[in-house]
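Q: Pasting a structure below so you can have a look.
The values are calculated or read from the model by the stated rules, or taken from the named source; none is laboratory data. Computed from a predicted model, the values in this text were never measured in an experiment. Note that we place each Cβ from the backbone using ideal geometry, even for glycine, and neighbour counts take in every protein chain shown. Remember, those area values only see protein heavy atoms, side chains included, never the ligands or the DNA or RNA. Shrake-Rupley method; radii C 1.70, N 1.55, O 1.52, S 1.80 Å.
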Amino acid sequence: MGAVEYTGGRYSMKFDMPRKESSVRVEEPGYEPAESRGFRSDEGAMIQDFRLKPAAGISGVVLLPDGRPAAGVQVVLGTRETRAFVRDGVVQHNSNAATTTTGPDGRLTVPKHEGAFLLVVAADAGFADATSDEFAKTGKLILQPWGRIEGAVRIGRKPAAYQSVVYLPELPSNRGDAFRMRSYDYHFTADSQGRFAIDRVIPGRGHVARVLVTPLRNEWCEQEPVEVKPGQTTQVRLGGKGRPVIGRIILDGTPPEPVDWRTNDPAVLELPRAERRKATTPWVTFASGFDEDGRFRIEDVAPGSYELMILVSLPSDKGTSGPRRATMGEATLRVTVPEGPEDQPVDVGDVK
């Protein structure tokens with residue numbers, strides 16, 4: 001027969017299928033499985049008790065910020081194969097990551113696991129995570145109070161009304177492969193004045209970025225580093241500084257179909273490839289869509305040297321699948337943005 005879940009420590013099973021022998025197997029998170037002897041169909045009613053043994057693994061405790069045990073909180077075990085997902089401060093149950101719940105004394109036992117793992121707790125009282133090595137040393141997960149981010153986003157001199165914004169917490173580089181075992185992110189929308197507020201923010205460093213939404217793909221741009229302290233509110237201003245970079249795309253030849261620039265891939269400014277590999281931030285990107293004549297205006301670009309990447313997409317979906325379309329042309333141009341007035345654009349002219 002199939003598995004049946006019982007509570008209260010008592011169970012009752014009836015074997016209806018004709019077979020030579022049947023047995024009972026008991027499984028409980030944090031304990032070794034136990035199995036009975038085989039029962040014959042002519043034995044009648046039988047009693048079989050089980051005394052479960054704690055599973056071999058790493059035992060420890062989850063503590064509240066004030067040091068008291070954190071009872072009844074869920075702990076997620078992320079691995080390279082099954083990441084722990086936390087979106088907007090809430091655990092997402094869209095993967096096969098194993099979970100366990102702490103007892104009344106805040107204790108938990110992580111079953112024996114081959115390879116490294118990451119333990120994650122995202123509870124109302126706060127957040128904590130620990131690699132397998134960190135947990136083995138201390139046996140503790142101590143929750144930190146959530147932080148909060150408040151701020152505003154602008155595009156040039158105007159509030160970025162109803163723009164999509166993301167916040168991505170960083171992971172310190174000294175934690176090995178932990179970045180492969182988790183996914184932490186926040187997605188939200190600014191109000192009519194470009195203002196936003198984020199609750200349940202994981203303490204630590206991270207980056208806020210505006211999201212340029214296009215028909216083909218979304219591009220993160222105008223990022224700002226922040227450091228979130230436990231139990232405190234961090235203020236951030238996104239965009240509204242730097243200089244615009246403007247230009248127009250000129251096609252070298254006649255395309256097989258007219259280009260609809262308003263649904264084309266965005267124009268993207270990035271650090272030069274060699275500098276990208278040495279960058280200390282996750283990405284440095286600025287982007288813009290096009291008007292109907294192929295003109296672009298990339299706002300709020302900080303002074304520096306960049307590569308401008310333009311992809312020209314076929315308007316139709318012929319021969320393609322998914323949201324990306326075939327590319328019929330491209331251009332890469334080195335662009336330098338000098339210091340200067342924020343209202344004076346850097347014009348790269350016609351890009352063929």
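Q: How high is the FRET efficiency between Glu32 and His187 when r is their beta carbon distance and R₀ equals 35 Å, given to the nearest 0.05? Could the numbers behind the result be given before it?
A: Numbers: r = 41 Å, r/R0 = 1.18.
So, using R0 = 35 Å, E works out to roughly 0.25.
Q: Of the GluC sites (Glu not before Pro) in segment 82-158, which ones lie in a loop per DSSP and count no more than 13 other C-beta atoms within 10 Å? Walk me through the numbers on the way to the answer.
A: Values: sites: Glu114, Glu134, Glu150; in loops: Glu114.
Taking segment 82-158 and a limit of 13 other Cβ atoms within 10 Å, the loop GluC sites (Glu not before Pro) found are Glu114.
Q: Using a 1.4 Å probe on the protein heavy atoms, what percent of the accessible area of segment 182-298 belongs to carbon and sulfur? Numbers along the way, then the final one.
A: Working: 2550 of 5680 Å².
Heavy-atom surface of segment 182-298 belonging to carbon and sulfur, 1.4 Å probe: 45 percent.
Q: Take every Cα pair under 8 Å in the chain that's 6+ residues apart, average their separations, divide by the length, and report that relative contact order as a whole percent. Provide the component values of the computation, followed by the final result.
A: Numbers: 804 pairs, mean separation 44.3, N = 352.
With pairs under 8 Å counted, the relative contact order is 13 percent.
Q: Also: Per 0.36 nm of contour for each residue apart, how much would the distance between Ala197 and Glu134 grow if the chain were fully extended, relative to their Cα-Cα spacing?
A: On the way: separation 63, 0.36 × 63 = 22.68 nm, distance 3.22 nm.
Gain in length upon complete extension: 19.5 nm.
Q: Where does the charge balance sit around Leu333 when Lys and Arg score +1, Asp and Glu -1, over other residues with C-beta under 12 Å from its C-beta?
A: Numbers: positive: Arg334, Lys352; negative: Glu270, Glu307, Glu330, Asp350.
So the surrounding residues net to -2.
Q: Project the alpha carbons of segment 193-265 onto their principal axes and report the range along each, largest first, in whole Å.
A: 59, 25, 24
Q: Run the quick spin-label model on Glu342 and Asp291: label points 7 Å from Cα toward the beta carbon, then report their separation in nm to one decimal.
A: Computed distance between label sites Glu342 and Asp291 equals 2.3 nm.
Q: Using a 1.4 Å probe on the protein heavy atoms only, what accessible surface does Asp265 show? Give it in Å² to the nearest 10.
A: Number for this one is 0 Å².
Q: Helix-only mean residue ellipticity at 222 nm, the chain, DSSP H runs n ≥ 4 weighted -39,500 (n - 2.57), per residue, nearest 500. What is it?
A: On the way: 2 runs with 11 residues, N = 352.
So the calculated ellipticity at 222 nm is -500 deg cm²/dmol.
Q: Once you have a ≥ b ≥ c as the square roots of the Cα gyration tensor eigenvalues for segment 96-140, tell me rounded if a/c is under 1.5, and otherwise prolate or oblate according to whether a/b is larger than b/c. Please list the in-between numbers first.
A: On the way: a/c = 1.43, a/b = 1.39, b/c = 1.03.
Taking the square roots of the gyration eigenvalues as a ≥ b ≥ c, segment 96-140 is rounded.
Q: Using a 1.4 angstrom probe on heavy atoms only, work out the carbon and sulfur share of the accessible area of segment 17-170 in %. Provide the component values of the computation, followed by the final result.
A: On the way: 4350 of 9040 Å².
About 48 percent, which is the carbon plus sulfur part of the accessible surface.
Q: Cβ under 13 Å from Arg295's Cβ, Arg295 left aside: what net charge do those residues give with Lys, Arg +1 and Asp, Glu -1? Don't skip to the answer; put the middle values down first.
A: On the way: positive: Arg248, Arg262, Arg297; negative: Asp291, Glu292, Asp293, Asp347, Asp350.
Charge balance in the 13 Å sphere: -2.
Q: While we're looking at this one, here's another question. Hey, with R₀ at 51 Å, roughly what FRET efficiency would Thr7 and Asp350 work out to, going by the Cβ-Cβ distance, to 0.05? Could the numbers behind the result be given before it?
A: On the way: r = 72 Å, r/R0 = 1.42.
So the FRET efficiency works out to roughly 0.10.
Q: Quote the accessible area belonging to Leu311 in square angstrom, nearest 10, computed with a 1.4 Å probe and with ligands, DNA and RNA left uncounted.
A: 40
Q: Compute the signed sum of charges (Lys and Arg +1, Asp and Glu -1) over the other residues within less than 15 Å, Cβ to Cβ, of Lys241.
A: Values: positive: Arg154, Arg157, Lys158, Arg210, Arg237, Arg243; negative: Glu222, Glu224, Glu299, Asp300, Glu339, Glu342, Asp343.
For residues surrounding Lys241, the net value is -1.
Q: So what is the accessible area of the chain per residue, in Å², with the probe set to 1.4 Å? Mind dumping the intermediate values first?
A: On the way: 20240 Å² over 352 residues.
Dividing the accessible area of the chain by its residue count gives 57 Å².
Q: Would you please classify the overall shape of the chain from the alpha carbon gyration tensor, given that a ≥ b ≥ c denote the square roots of the eigenvalues, rounded means a/c under 1.5, and beyond that prolate means a/b larger than b/c while oblate covers the rest?
A: On the way: a/c = 3.24, a/b = 2.04, b/c = 1.58.
Prolate, since a/c reaches 1.5 and a/b exceeds b/c.
Q: Ok, one more. For an R0 of 41 angstrom, estimate the FRET efficiency from the Cβ-Cβ distance between Glu81 and Leu251 and round to the nearest 0.05.
A: Numbers: r = 46 Å, r/R0 = 1.12.
The value I calculate is 0.35.
Q: Further, regarding this structure: Quick one: how many Å² of Thr138 are accessible to a 1.4 Å probe, rounded to 10?
A: Here the accessible area works out near 90 Å².
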